[in-house]
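What follows is a short report on a single structure.
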Amino acid sequence: MLDDLLDRLAGHDRNALSRLLSLIARGQYLEEIRSRLPRGAKPGRVVAFTGSGGVGKSTLVGKLIERARQEGLTVAVLACDPQSPLSGGALLGDRFRMPTRPDDEGVFIRSLAAASGQGGVAKHLDLMIRVLEAFGFDLVFLETVGAGQGDVTVRELADVVVLLLQPETGDDLQWEKAGILEVADVVVIHKADLPGADLLESRVQAILELSPARSVPVVRASARTGEGLGELWQAIQDIPAGRRSGLSARPDWARLAETMLHVVRERAEAADAANTKHILSLYKRGVVCPSEICRALLDLLGPTSEGSPRPSPEENRREGS
Ligand SMILES: Nc1nc2c(ncn2[C@@H]2O[C@H](COP(=O)(O)OP(=O)(O)O)[C@@H](O)[C@H]2O)c(=O)[nH]1
Ligand SMILES: [Mg+2]
């Protein structure tokens, strides 16, 4: 049965594709599929769209599908919905919000239930992406509900992570604290047609300025009015390919440094919130240089006694030899 499905997949049979994805979603034949997928398929470009429910991911993805099709690119979408009885209707909603010509063979959309405890990401997404690449899609769009653990997973699966934020949600503090900007290659100030986009954008910029090592494009966009869609499309193209783990073994120092800053900042805030705020404000006003800021923040933490991983005796010996 599997051989037949894989043969038909190679022949661009959408039913076979659909059935393979269903098997994977149910956790069946995972290893067999993994080992028998044809090697050397041209890797597609995997773009993840993440952000809280209702921020407009599906609507925006729908607009970007249109753009991709205008350029002759084929697109598959894996939309991960949080597994909740309330979101039962969302499965239909996604198709409604991503209107495509039903006879368009260049678009494939599949809604998936996100597994609980996986931070908004469906299980076995990596294998599903490989199947879609074997089929030959140029682009694979992932829609996932951020933020948290799942975003880290998404980073490992996607070449580009697009984070959507919207004005006036009242949860600004939550995303500032959670450090979710770390996962983003592109930040979208979405629903820019609504009031409050300016404020949101300046807050995002202020946070990104704390990590000057990495430049993250911030794009104002509205799926409703079409504002910024061209700019967003370009920003996505501009991110170099091959970032996915396995494709690039090089450590990403800029990202590590940024994560480090968030960890230090979080701990410094916990140790002495008022002083941390003061130090950061000095930096933002350009009064103090970055290295001094780092030292001042580290000083707030005091001597770190806990948690530093020490090499095992064997590792010490290996280093020494
Ligand atoms: N004002 C405004 N509303 C939008 C925009 N894009 C989507 N929406 C609305 O936001 C709601 C949630 O959209 P949806 O795409 O389902 O969000 P998702 O949960 O992130 O996939 C829907 O009611 C959309 O009509 C936009 O650019 N501006
Ligand atoms: Mg959606």
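Cβ-Cβ distances below 9 Å connect the following pairs, each with a first residue in region 125-150 that is among the charged types (D, E, K, R) and within 16 Å of ligand 1 (Cβ to nearest atom), a second residue that is in a helix (DSSP H, G or I) and modelled with pLDDT under 85, and a separation of six or more residues or different chains: E143/D94. Being in a loop (DSSP other than H, G, I, E, B) and of a type in the set (A, V, I, L, M, F, W, C) is the filter; apply it to region 271-289 and report the residue that is nearest to the chain's Cα centre (by Cα). Restricting to residues being in a loop (DSSP other than H, G, I, E, B) and of a type in the set (A, V, I, L, M, F, W, C), the top hit is C289.
Quick check on region 100-138: of everything there that is loosely packed, with under 12 Cβ neighbours inside 10 Å and over 19 Å from the mean Cα position of the chain (by Cα), which residue is modelled with the highest pLDDT? Step through it out loud before you land on a result.
Of region 100-138, the ones loosely packed, with under 12 Cβ neighbours inside 10 Å are 101-103, 105, 116-117.
Now narrow it down to the ones that are over 19 Å from the mean Cα position of the chain (by Cα): 101-103, 105.
On the way: R101: 68, P102: 68, D103: 76, E105: 87.
Among them, the one singled out is E105.
What single numbered condition from (1) surrounded by 17 or more Cβ atoms within 10 Å (Cβ to Cβ); (2) modelled with pLDDT of 90 or more; (3) away from ligand 2 (no atom under 16 Å from the Cβ) fails to hold for P195? Going through (1) surrounded by 17 or more Cβ atoms within 10 Å (Cβ to Cβ); (2) modelled with pLDDT of 90 or more; (3) away from ligand 2 (no atom under 16 Å from the Cβ) one by one, P195 breaks only (1). Scanning region 28-58 for residues that are surrounded by 20 or more Cβ atoms within 10 Å (Cβ to Cβ) and either part of a loop (DSSP other than H, G, I, E, B) or within 16 Å of ligand 1 (Cβ to nearest atom) (or both) gives G44, V47, A48, F49, T50, G51, V55, G56, K57, S58.
The values are calculated or read from the model by the stated rules, or taken from the named source; none is laboratory data. Because the structure is a prediction, the values reported are computed rather than measured. Because the Cβ atoms are built from the backbone with ideal geometry, glycine has one as well, and the counts that use them run over all protein chains shown.
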